[in-house]
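The next block holds one structure in the form of structure tokens; read it before the comments.
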Amino acid sequence: MKRKCSTVIIVALVGLCGAITNAEQQVYTFDVCGAPNSYEPGWMPNGDPMVNGKMTLIIDSVKGLLTLKPSQELLNSTRYVSLHAHLYDLQHRYDNSDLGQSTICWAYYNHSGRGGHCEKDDYDCQTLTGVENWPWTKYGYSVDWYRNYLRTVARENAEGWWFMYHSAGGHFATDKDGHLIEWDGSPFMESSFLGENKIRPDCNARLGRPLANRDFGLGDQCNRMLHGVMADDYFLDANGVRWVDENGNLTESAISHGYDLETEYLFYNYRDNGQSDRWGGPDGGAGGFIPGDTEGRCVQWPPEDYGLPHTHKADQ
């Protein structure tokens, strides 16, 4: 499931043609990466630093249909299988969340049985490459509701809308000094960044994981198709540091830090499932502002020191 990493892509925006009321088709090309952003503190703090590329999003403003066209760079940099994607309304209008609901979501249903052309178990296709003029009548799930929301996006020139996609895998959390954080099972640890977890803790995107555990489905009842499916490589931490070798043994640096293979450490999944008050909050594998990246957040990402272990105090 792992793919090779891509090069960094520079910010670009392919604009709208004509007025909103007259333009049938709106085309946006924008940067998608795993970098954090400052629009809302906490949004995208746990993205995959190696993901970086472009997404082209096309909206039929009359019919309310969505098409996605990811760049090859984006597809190449996605290290794990894609699971689902969202358009988030950042204008705080949806009543289930004060940070913006995953208002428009396509997941698991974009296949031949529901009007698409993807195989039922081809989640990469369903999430990114197979989303064409969606939703279809045969999709059968809130079709009119989704289409009306896409018309809303079109009317607003996508201002305040954010694209995010989620994938299997994730990374170990680190504190401000770059140390791993031991999992203690407290409500705060398994919550969103707001300290809330009102619904379905068994779908949480934050959990305890031993360093040598590679099971994509660990602790997640909402993605059962991932249970027992192993990542090709052992997971890194938030800074890209590998604490076990290719055989699952502790590295010398891990030993000097006092880490072991039995302790569970706080782990962030990229397969988060939605709202800010459930399942870990609106974190994901990668995302981007649909109108364009005015922050330059995807430029020169990941950081130059990504993958370099910090010095432990005992080593100084």
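The values are calculated or read from the model by the stated rules, or taken from the named source; none is laboratory data. These numbers come from a predicted model, not from an experiment. Ideal geometry is used to build each Cβ from the backbone, glycine not excepted, and the neighbour counts take in all protein chains shown.
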Would you check which residues across region 204-214 are in contact with a strand residue (DSSP E or B) (Cβ under 6 Å, 6 or more places away or on another chain) and free of Cβ contacts under 8 Å to residues at least 60 places away in the same chain and list them?
Arg209, Leu211, Ala212, Arg214
Considering region 227-242, residues that are farther than 11 Å from Thr174 by Cα and among the acidic types (Asp, Glu), and then whichever is surrounded by the fewest Cβ atoms within 10 Å (Cβ to Cβ), we arrive at Asp232
From Glu40, Glu119, grab the single residue that is part of a loop (DSSP other than H, G, I, E, B) and modelled with pLDDT under 90.
Glu40
Suppose we filter Leu66, Leu74 for residues that are crowded, with 21+ Cβ neighbours inside 10 Å, at pLDDT 90 or above and either in contact with a helix residue (DSSP H, G or I) (Cβ under 6 Å, 6 or more places away or on another chain) or at positive phi (or both); which single one remains?
Leu66
Of the listed residues (Phe216, Phe267, Phe235), the one being within 18 Å of the chain's Cα centre (by Cα) and at pLDDT 95 or above is Phe235
Examine region 128-148 for a residue that is outside any strand (DSSP E or B) and in contact with a His (Cβ under 7 Å, 6 or more places away or on another chain), and state whether such a residue exists.
yes
Criterion violated by Ala158 - all others in (1) at pLDDT 90 or above; (2) touching a Ser or Thr at 6+ places or on another chain (Cβ under 9 Å) satisfied
(2)
Residues in region 128-137: is at least one modelled with pLDDT of 90 or more and of a type in the set (D, E, K, R)?
yes
Condition check for Glu304: surrounded by fewer than 15 Cβ atoms within 10 Å (Cβ to Cβ) and modelled with pLDDT under 90:
yes
